[in-house]
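Visitor: What follows is a structure written as structure tokens; I'll ask about it next.
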Amino acid sequence: MNKVIVTGGAGFIGANYIHTLFADQGFEGQILNLDKLTYAGNLESLQNVKALYGGSRYFFEQADICDSAKINSIVKQFEPDTMVCFAAESHVDRSIDGPMDFVHTNLVGTAVLLSAALEHFRSLDEAAKQAFRFHHVSTDEVYGSLGESGMFTENTPYDPSSPYSASKAGSDHLVRAWNRTFGLPVTISNCSNNYGGYQFPEKLIPLMILNCLQHKPLPVYGKGLNVRDWLFVIDHCHAINTIIRQGKIGETYNIGGHNEMKNIDIVTTICRLLDEMQPSEKLGSYTELITYVKDRPGHDLRYAIDAGKIQAELGWVPAETFATGIRKTVAWYLENRQWWQNIQNNSYQQQRLGLG
């Protein structure tokens, strides 16, 4: 990993990944961050990276992954040995409101990246071909919904429910096809719900933190009984590097945090932490803000990841429990108010999306 292209590097997980890679003492290479800068792309998340490494080890290109000519040109000029692909439309609620954006970016964009990577790969000598990796970051939502028991494994059949998860399922299939048909050296990871710093506040955890701080209602879908497995974003980033460095070409690895939680329990945990760390002057507890709202269409009941394969084959396990990770996350949003206030100033006010 000496020359790494990170697509979607201005987004939540991508920005954390760039931070994590530069913090890795074993990494001495260069990173090209390629991002379209949609509403969720935020270069403020990488200000310190730019200050430390800009122009020598860190570079940025604004580009749409569906723009074949530009993507091919960037890949050809930078000559990466690794491509780590986060770029995607990723919010389920937005996919209900505007599914075609998800189909276009997540399917066409992935195919464009694969084609550019293949053209570059074919130009390499044999030693460079051995070192090259294309890593595709996906989601556990491609597997559909679980009942009260069981876990997703790498062999679970795909059964996506939303336009978002269907588009990600399709992109996974494209990545496998480029490996099997053309020999492109790929790996895939399907992760559970991420949380941590730099997450756009449309997602559950930052949404609840910000709504608490502003004494807005805390909208809980249905009865709050939907279950997700929660993965601290830095743990996810370390897992990706483990797969790229040690994983087997053509293989898929599920990444989970071993933290199954009901949505209502997530919300009450955040409220209790804020009661401790930033007590309200108006309320006895932030839990008074909890409001149950109509469930979203196609809301999967439960996700749970079996991360046994990556642990057994590659030795990765998450470092954070949910208790430690959520405390760090709440603290991050308290300490970085300007970051999320700037987002609010650019029109997003935590309004509800995805009503169909």
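The values are calculated or read from the model by the stated rules, or taken from the named source; none is laboratory data. Everything numeric in this text was worked out from a predicted model, so none of it was measured. All Cβ positions, glycine included, derive from the backbone under ideal geometry; neighbour counts span all protein chains shown.
Visitor: Identify, please: which residue in segment 3-40 is in contact with a Ser or Thr (Cβ under 8 Å, 6 or more places away or on another chain) and assigned to a loop (DSSP other than H, G, I, E, B) and is, among those, nearest to K70 (Cα to Cα)?
Guide: A10
Visitor: Just give me the residues in segment 41-63 being surrounded by 19 or more Cβ atoms within 10 Å (Cβ to Cβ) and part of a helix (DSSP H, G or I), in sequence order.
Guide: S45, L46, V49
Visitor: Can you tell me which residue is nearest to the chain's Cα centre (by Cα) among those in segment 64-118 that are among the aromatic types (F, W, Y) and assigned to a helix (DSSP H, G or I)?
Guide: Filtering first and then ranking leaves F102.
Visitor: Can you go through A319, A331 and tell me which one is at pLDDT 95 or above, part of a helix (DSSP H, G or I) and either surrounded by fewer than 14 Cβ atoms within 10 Å (Cβ to Cβ) or on the phi < 0 side of the Ramachandran plot (or both)?
Guide: That would be A331, the only listed residue that is at pLDDT 95 or above, part of a helix (DSSP H, G or I) and either surrounded by fewer than 14 Cβ atoms within 10 Å (Cβ to Cβ) or on the phi < 0 side of the Ramachandran plot (or both).
Visitor: State whether the residues of segment 47-67 include one that is out of contact with any Phe, Trp or Tyr (no Cβ under 7 Å at 6 or more places or on another chain), among the hydrophobic types (A, V, I, L, M, F, W, C) and in contact (Cβ under 8 Å) with a residue 60 or more places away in the chain.
Guide: No: zero hits.
Visitor: Tally up the residues in segment 159-187 that are crowded, with 20+ Cβ neighbours inside 10 Å, of a type in the set (S, T, Y) and out of contact with any strand residue (DSSP E or B) (no Cβ under 9 Å at 6 or more places or on another chain), please.
Guide: 2
Visitor: Just checking, does segment 212-223 include any residue being in a helix (DSSP H, G or I) and buried (at least 22 other Cβ atoms within 10 Å of the Cβ)?
Guide: Yes, some residue in segment 212-223 is in a helix (DSSP H, G or I) and buried (at least 22 other Cβ atoms within 10 Å of the Cβ).
Visitor: Can you list residue pairs whose Cβ atoms sit under 6 Å apart, with the first residue in segment 1-23 being farther than 24 Å from K203 by Cβ and the second being among the charged types (D, E, K, R)? Count only pairs 6 or more apart in sequence or on different chains.
Guide: Correct list of pairs: N2/D81; K3/D81.
Visitor: With the checklist (1) under 30 Å from M151 (Cα atoms); (2) touching a residue at least 12 places away in the same chain (Cβ under 8 Å) in hand, flag the one item A312 doesn't pass.
Guide: (2) is the only condition that A312 fails.
Visitor: Go through segment 134-158 and give me each residue that's in contact with a Ser or Thr (Cβ under 7 Å, 6 or more places away or on another chain), surrounded by fewer than 23 Cβ atoms within 10 Å (Cβ to Cβ) and acidic (D, E).
Guide: Result: E154, single match.
Visitor: For segment 257-309, give me each residue that is assigned to a helix (DSSP H, G or I), within 30 Å of H238 (Cβ to Cβ) and of a type in the set (D, E, K, R).
Guide: D265, R272, E276, K309
Visitor: Just checking, does segment 275-288 include any residue being under 27 Å from E148 (Cα atoms) and out of contact with any Cys (no Cβ under 8 Å at 6 or more places or on another chain)? Give the derivation first.
Guide: Start the filter on segment 275-288 by keeping residues that are under 27 Å from E148 (Cα atoms), which leaves 287.
Going one step further and asking which of them are out of contact with any Cys (no Cβ under 8 Å at 6 or more places or on another chain), we end up with none.
No, there is no match, as no residue in segment 275-288 is under 27 Å from E148 (Cα atoms) and out of contact with any Cys (no Cβ under 8 Å at 6 or more places or on another chain).
Visitor: Tell me the residue from I209, I188 that is closer than 30 Å to V49 by Cα, at pLDDT 95 or above and within 16 Å of the chain's Cα centre (by Cα), please.
Guide: One residue alone meets the criteria, I188.
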